[in-house]
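Just so you know, all these numbers are worked out from the coordinates, no wet-lab data involved. These numbers come from a predicted model, not from an experiment. Please note: Cβ atoms are built from the backbone with ideal geometry, for glycine as well, and neighbour counts cover all protein chains shown.
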């Protein structure tokens with residue numbers, strides 16, 4: 001299954017929880033967009049589909 | 001130092017349901033590292049700092065969220081880098097999910113060179129976010145009509161620029177800024193373009209309720225010292241505004257009476 005996490009193709013990613021774990025161990029201050037739409041934390045275990053793009057975001061200096 | 005500063009007679013800054021003693025809001029962009037940023041936050045006396053939302057950096061050491069928590073200040077997420085209303089609205093929703101706050105500094109940029117706001121997209125995003133329950137603080141151009149439209153849309157404050165982001169050019173159009181302050185019924189926060197302390201003082205003298213700045217502090221040679229200077233400038237400008245400045249005159253007006261002058 002081809003899943004993109006923060007712009008990079010990743011293997012072995014079945015859920016959003018997997019996608020988050022692939023890029024960070026932090027849980028606080030993290031938000032996820034799936035194909036551009038916000039996914040609440042309560043839905044992070046829902047399965048991903050081939051071609052899905054996941055964005056895992058957090059706070060950074062700016063503004 | 002005389003302790004009769006502005007706070008003695010001045011009300012706190014109220015934005016939506018929150019009150020702040022400090023009238024300086026600090027952006028965090030441009031700081032060399034988290035330690036330097038923490039020093040600047042503390043020296044500035046601010047109670048509210050802005051952060052951007054970006055992809056997690058697996059190699060990052062420490063989080064800016066820890067800095068904010070240690071400094072005991074509140075976080076104001078922003079939509080920095082967004083060029084369309086749709087992008088900004090999505091970013092605001094992600095920020096709400098990430099940080100559990102409905103507050104958003106709304107930035108919708110219309111031009112890569114000047115980073116000036118796109119007024120059409122900005123108003124569109126503001127309307128959408130207000131309808132979705134956000135407390136919206138829009139970064140806007142120094143246009144009194146647009147400021148009014150944003151206020152009418154339900155924004156909790158309006159944040160006109162002094163000059164384009166990061167330029168340090170100071171208040172380019174004091175007349176427009178004063179007009180915005182004169183007519184607004186929500187706090188006017190001068191956001192962007194401040195270069196040094198006198199710029200911040202001028203914005204407050206013109207009637208702004210607060211000043212938001214980042215680069216002027218984070219890229220100063222001594223960020224903590226500039227942060228302290230900005231704190232004092234905002235307080236001084238506010239005090240001068242409340243005190244009521246003398247009218248400007250074309251010719252001199254002697255402060256010493258000529259009565260009783262010796263015939264020499």
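Name all residues of the range B:177-218 having a backbone nitrogen under 17 Å from the label point set 7 Å from the Cα of residue B:14 along its Cα→Cβ direction, giving them as ranges.
Under cut-off, by backbone N: B:184-189, B:209-210.
Where both partners of a DSSP beta bridge lie in the protein assembly as shown, what percent of those bridges are antiparallel, to the nearest 5?
Here the share of antiparallel DSSP bridges comes out near 50 percent.
What is the spin-label model distance, in nm, from residue B:101 to residue A:21 if the labels are put 7 Å beyond Cα along the C-beta direction?
Modelled inter-label distance: 3.1 nm.
With a ≥ b ≥ c taken as the square roots of the eigenvalues of the C-alpha gyration tensor of the range A:3-58, please select rounded if a/c is under 1.5 and otherwise prolate if a/b is larger than b/c or oblate if it is not?
Since a/c stays below 1.5, the shape of the range A:3-58 is classed as rounded.
Evaluate peptide B:89-98: per residue, the Cβ atoms of other protein chains within 10 Å of its Cβ; return the mean as an integer.
Mean inter-chain Cβ contacts per residue within 10 Å come to 5.
Length gain on complete extension for the stretch residue B:185 to residue B:221, per 0.36 nm per residue less the alpha carbon to alpha carbon distance?
9.2 nm is the gain from fully extending residue B:185 to residue B:221.
Normalized C-alpha radius of gyration of the range B:86-230, against 2.2 N^0.38 Å?
1.02
Just to confirm my numbers, what's the Cα centroid distance between the range B:146-192 and the range B:202-229 in Å?
For the range B:146-192 versus the range B:202-229, the Cα centre distance is 16 Å.
Quickly estimate the mean residue ellipticity at 222 nm for chain B, helices only: each DSSP H run with n ≥ 4 gives -39500 (n - 2.57), and the total goes over all residues, rounded to 500.
That calculation yields -11500 deg cm²/dmol at 222 nm.
Quick check: the angle from helix B:174-183's long axis to the longest principal axis of chain B, C-alpha only, nearest 10 degrees?
Helix B:174-183 sits roughly 80 degrees off the main axis of chain B.
Just the projected area, averaged over all directions, of the convex hull on the alpha carbon atoms of the protein assembly as shown: how many nm²?
Over every viewing direction, the Cα hull of the protein assembly as shown projects on average to 21.1 nm².
What does the C-alpha gyration tensor say about the overall shape of the range B:1-133? Classify as rounded when a/c is under 1.5, otherwise prolate if a/b is larger than b/c, or oblate.
oblate
For residue B:196 paired with residue B:42, estimate the spin-label separation in nm (one decimal), with each label point 7 Å from Cα along the Cα-to-Cβ line.
2.7 nm
Specify the residue with the greatest mean-square fluctuation among B:12, B:232, B:191, computed from a Gaussian network of chain B linking alpha-carbon atoms under 10 Å apart.
B:12
Among B:238, B:249, B:90, which one shows the highest mean-square fluctuation when chain B is modelled as a Gaussian network with alpha-carbon springs under 10 Å?
B:249
Rounded to the nearest 5, what % of the DSSP beta bridges within chain B are antiparallel ones?
Counting DSSP beta bridges with both partners in chain B, the antiparallel share is about 15 percent.
Listing B:20, B:99, B:258, B:83 from the residue with the fewest other Cβ atoms within 10 Å to the one with the most, what is the order?
Ascending Cβ contact count within 10 Å gives the list B:258, B:83, B:20, B:99.
Of all DSSP beta bridges located in the range A:3-58, what percent are antiparallel, nearest 5?
85 percent
Considering only C-alpha atoms, what is the centroid distance from the range B:65-98 to the range A:25-60, in Å?
Taking the Cα centre of the range A:25-60 as reference, the centre of the range B:65-98 is 16 Å away.
Mean-square fluctuation check for chain B, GNM, Cα pairs under 10 Å: which of B:104, B:68, B:246 is largest?
Largest GNM mean-square fluctuation: B:246.
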